[in-house]
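These notes concern the structure reproduced below.
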Protein chains: 2
Amino acid sequence: MPVEEVTMGTEFLKIKEVGEAKKIIKDLFNEYSPEQEKINIENSYGRVISEDIMSSIDLPLFDRSLMDGFAVKAKDTFGASDESPKKLKCIDSIEAGSYSAKTIEDGECIEISTGAPLPKGSNAIAMIEFSERQGDDVYILKSVAPNQDLALKGSDINKNKLLLEKNTFLSPDKIGVLAAQGIKELNVFKKPKIAVISTGNELVREDEELDYGKIYDTNTHSIRNATIACGADAIAKGIVKDNYLELKLRIEESLKDSDILICSGGTSAGVGDILRHVMDEMGEVIIHGVSVKPGKPTIVGLIDEKIIIGLPGNPVSALIIFYVFIAPNIRKLSGLKEVETSKIVKAKISKRIHSPKGRMEYALVQIKDDLAIPILKDSGAIASLAHADGYVKIPKTTELLDEGEEVKVALFR
Amino acid sequence: MPVEEVTMGTEFLKIKEVGEAKKIIKDLFNEYSPEQEKINIENSYGRVISEDIMSSIDLPLFDRSLMDGFAVKAKDTFGASDESPKKLKCIDSIEAGSYSAKTIEDGECIEISTGAPLPKGSNAIAMIEFSERQGDDVYILKSVAPNQDLALKGSDINKNKLLLEKNTFLSPDKIGVLAAQGIKELNVFKKPKIAVISTGNELVREDEELDYGKIYDTNTHSIRNATIACGADAIAKGIVKDNYLELKLRIEESLKDSDILICSGGTSAGVGDILRHVMDEMGEVIIHGVSVKPGKPTIVGLIDEKIIIGLPGNPVSALIIFYVFIAPNIRKLSGLKEVETSKIVKAKISKRIHSPKGRMEYALVQIKDDLAIPILKDSGAIASLAHADGYVKIPKTTELLDEGEEVKVALFR
C-alpha cells in the first residue's frame, strides 16, 4: 500500500490533510507584515493601495453645469412653454474651464457650457434645446426647477471622506478616481520578493544540450510567472542539481534578496529528499507530504523566519499545488483582498471523472461554453496544459464526478 | 426635445444606433493587420502568440518512469503477491537525469527513480511500495501489467504536432508548455501603439494649480490604463486646450508614433466641436453621435488611415464608451481571441433601475455577493467609480430593470 507517512527526513512528519496544510501555510504567511512604498500615479496600474485614501477636495469643487444652456434663476422660468416663452437677458457666457464674475439679477441669464461653474445669482440650468436666442434675448421654452441639471459642490464626494479603501486593486477606473482628486503620489504595498529554484539532475535550460534522460526545466518559467501573476516580484535562481551542498548554497544566496523561496523537485524519496535534508539543517520543516493528488510530496518550512516552499518536480503538479496552496497567500501578501484571490467559473462536467478515495484530487479541465471537459492524462503530461483552462477540486470522499454535475473551475489566468 | 442629429460639423451625420456604431468600429479595426515581433520566453508573460507553435520534440522524449521502483519485465512479476513474492536480481540503478546502458534479461530488474528513462529490456515499473530489497535481491509483491506506471515516448505530445494555437494568451501554464519543449524565442503580436489625448480648457495636470472652474485631468490616467489593460502600448500625449490649431498640431505629432489615437473631450457642441472640425479637415468623420447613455457625443473617424476615437470628456462616460465600443477591438488587435475579450459575471439587480426609452443605457453597478447594486449618481460623478465594479447594459426598449432581475455585469478589471 502507498506510504502515508514520510520518514526519510530526520524528523517524523505525518501526511497532512488539505485543509490542515492550507491553514498551516496561511498562518505562516500571516507572520509577514507587507511593506509599503510610495509610487507615482503614472505607475500605479495593477498595484494595491496600502492605506485608506481620503478625498482631498470636494467633487465637484463648484456647482457645475451638467448641460449646455443658460444659467438662470429657476423662478424666472416658471410657467414657460413653447406657447408662452419667458424672455431673459443674456449678460455673459461661460465655457468650461472659465467663470463669470457677474451676478445674475432677476430677468437675466448667462450662457453656460457643460462643466462650467454656475454663476452667482443663478440656481438652475435651462437646456439649450429648450431655449431660443435672438441677440442678447433668450426665450426659455420650458420651466426648470431649482438645482436642475446641476451637480452641486461636493455632491459626488466631499473633502476628507474615504475615497478608496486600503487593499484596493488599482484598475483603470480606480486610478481615474485618484486622478480626479489630483493625487500625484500614493502608498502601495511593496511587491513581495520571491525566489524560484528548480532542482533535479534531469533538468537543463532551454539553451543547453538535451542529453538522453534529460528534460527541459519548465518550472522556472511556469512558477516564476504564476508568482508574478499573484503580484509578486519573482526572481529566477536557476537550476540546482540534486546535490545537498549545491542546494544549500543556492538557498543561502537566494534568501539574501528574497522574502520567500519556492523550490520545485528534490522533494520525493527517489531523489534522496535533498530539499528536506537541507531544510532540516538550515531551519525547520513544518509540512512534508499532503494528502492530495497530484502533489503529495509537497514541503513547507522556515529558514531564518522566511517561508520555504518545496513543490513537486512534475510541472503540472507543481503548478496545481502552487495555485491551490500558495497563490492565495502571495496575493494576500501583495495586498489583494481575499475575495479577489480566485477566478472561479461554474461549468458542467462533460464526462464522468473517477477519483481516488481518501485523497483530495485536483483535475485539469478545459472550458468550452459552459462545459468543463476533463483532461484525462497522467499528471506528468505537460502538454496537457496547452488545453487546460483550470482545474476542479474533487473532495476526498468523492469517488466520481458524474456527467452534467456542476463544478467550480479555478482558472489558471 | 433633445437633438438627434449633430449638425455642428461640416457634414451632416445621423446619430448611430449602438449596434450600427459597434459594427462600423469593428470594421475599421479589421483594416489593421497586427504586426508581430520575436521575443524571449522570459518576457512572454501576458503576450499573445502570433502564429501556431508546433512541438519540436516528443514529450516525453523517452519512455519515462512515473514512479520510484524497479524497471522490470512485466511477465516476470505475474502472479506476485505478499504471500508469494517474485525474486528478481537488481543489476543497476537509474536516477532521474541519468540512464543505464544495461539491458534487463529475464529475472533481472533495475532500480529506477521517477522521471528516469526506462532501461532496455524492461516494459513496466514495479512500485517501491510493493517490493522489498535485500542486497541485490528484489522481491516483487504485486503483479504489474506491461506499460504500468510508464509515460511512453510521445504519449504527452508527438513532435511536429500543434502545441499552441495562434492567438493563445501566454499565461504561466502556457509558458510552461513552451518551456517543456525548450523553446527559447517565439513570435507574438506587437502591442498596438495608442496615443491618448485629453482636451478641454478646464483640465489641469495633477501638478498644476487648480484655479476656479478647473478640474484635474482624469482621462489621461483612466483611459491610458484601460488601453494598457487591453494589451496595448499606451502613450499619454497630455492635455490640449479647446483650440483648433493646438489640437491639430498635437494630433499630427501623436500620429507619428501611434497606430490609433484616443481623444476625450472636445466632442460636444458646447465646446465648439473642436475635434470634429480638426477631423473633418485632416481626415474623415465616420460616426458623430451614438444613441447611448452616457456617451452620446462619441466621434469615430480616420486620419491617414489611422483610427481616431473621440470619447466624451466626462470620465465616467469616457470609460464606459471605451469599454463598450473600443476595448474589444483593441484586445483583438493585441491578438486576443474574441471569446476572451469580456469579463462578465451574472448577478441580480438589488433594486429597480429606471432607464430612458429610446437610448441604450449603461449603468454602473457594484457587485456584492451575487447582487448588482446600482450606483445612482449622475454620469459626471467620478467618485462613484470608487464603488463601481462594472456596468450593466439596459436595452433601449427597456424602461426599467426590476429588483431581482438577473443581469450580466461587464467588469472593469
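Each copy carries a label point for B:Glu406 at 7 Å from Cα toward Cβ; from one copy, the others' points are 0.8 nm away, ordered from shortest.
With a 10 Å cut-off around each Cβ of A:224-232, the average count of Cβ atoms from other chains is 4.
Here each label is just a point 7 Å from Cα along the line to Cβ, and for A:Glu35 and B:Asp106 those points are 6.9 nm apart.
Please give the FRET efficiency for A:Lys166 paired with B:Ile235, using the beta carbon to beta carbon distance and R0 = 35 Å, rounded to the nearest 0.05. That gives a FRET efficiency of 0.65.
Averaged per residue, what accessible surface does segment A:344-411 expose to a 1.4 Å probe, in Å²? All intermediate terms of the calculation are to be shown ahead of the outcome.
Values: 3510 Å² over 68 residues.
Here the per-residue accessible area is 52 Å².
Beyond 20 Å in Cα-Cα separation lie the following of the pairs A:Lys332/B:Lys348; A:Lys38/A:Lys184; A:Lys343/B:Lys190: A:Lys332/B:Lys348; A:Lys343/B:Lys190. Buried between A and B is an accessible area of approximately 6400 Å², summed over both sides with a 1.4 Å probe.
Contact residues in segment B:76-119 by the 40 Å² criterion (accessible area, 1.4 Å probe, full protein complex versus chain alone): B:Glu95, B:Ala96, B:Gly97, B:Tyr99.
With the simple model of a label 7 Å out from the Cα in the direction of the Cβ, A:Asn147 to B:Glu42 spans 6.1 nm.
Using helices alone, what [θ] at 222 nm do you get for chain B, with -39,500 (n - 2.57) per DSSP H run of 4 or more residues, divided over all residues and rounded to the nearest 500? Computed mean residue ellipticity for chain B: -5000 deg cm²/dmol.
Annotation for segment A:348-413 versus segment A:88-156: alpha-carbon center distance of 63 Å. Ranking A:Glu246, A:Glu20 from most to least accessible surface, computed with a 1.4 Å probe over the protein chains only, gives A:Glu20, A:Glu246.
Taking 20 Å as the cut-off, the amide N atoms of segment A:272-289 that come nearer than this to a point 7 Å along the Cα-to-beta-carbon line of A:Lys14 belong to A:285-289.
Let's test the formula: R0 of 56 Å, r as the Cβ-Cβ distance of B:Glu129 and A:Glu185. What FRET efficiency results, to the nearest 0.05? The partial results should precede the final answer.
Values: r = 59 Å, r/R0 = 1.06.
Efficiency for this residue pair is about 0.40.
DSSP assigns beta bridges within segment B:344-411; of those with both partners inside it, close to 90 percent run antiparallel.
Take each residue in A:311-321, count the other chain C-beta atoms within 10 Å of its C-beta, and the mean is 2. Note on B:60-67: average number of Cβ atoms from other chains within 10 Å of each residue's Cβ is 3.
Potential lengthening of the chain between B:Ile24 and B:Leu411 amounts to 136.9 nm, from the contour at 0.36 nm per residue minus the alpha-carbon distance.
May I ask you to rank B:Glu132, A:Glu403 by accessible area, largest first, using a 1.4 Å probe over the protein chains only?
Numbers: B:Glu132 95, A:Glu403 130 Å².
I get A:Glu403, B:Glu132, largest accessible area first.
Peptides B:97-105, A:317-325 ranked from most to least packed give A:317-325, B:97-105, packing being the mean of other C-beta atoms within 10 angstrom over each peptide's residues. Normalised per residue, the accessible area of segment A:29-78 is 46 Å², obtained with a 1.4 Å probe and no contribution from ligands, DNA or RNA.
For segment B:64-151, what relative contact order do you get, as a whole percent, if you take Cα pairs closer than 8 Å and at least 6 residues apart?
Across segment B:64-151, relative contact order equals 43 percent.
With all protein chains in place and a 1.4 Å probe, the accessible surface of the protein assembly as shown carries 48 percent carbon and sulfur. Solvent-accessible surface (1.4 Å probe) assigned to A:Met282 amounts to roughly 40 Å². Label-point distances for B:Ser84 to the equivalent site in the other copies, using a point 7 angstrom along Cα→C-beta, read 11.5 nm when ranked shortest first.
The same position B:Gly358 in the other copies lies at 7.3 nm from this copy, comparing label points 7 Å beyond Cα toward the beta-carbon, shortest first.
The values are calculated or read from the model by the stated rules, or taken from the named source; none is laboratory data. As the structure is a prediction and not an experimental result, all values here were calculated from the model. Backbone-built Cβ (ideal geometry, glycine too); neighbour counts: all protein chains shown. Please note that ligands, DNA and RNA were not included when accessible areas were found on the heavy atoms of the full protein model with its side chains. Shrake-Rupley method; radii C 1.70, N 1.55, O 1.52, S 1.80 Å.
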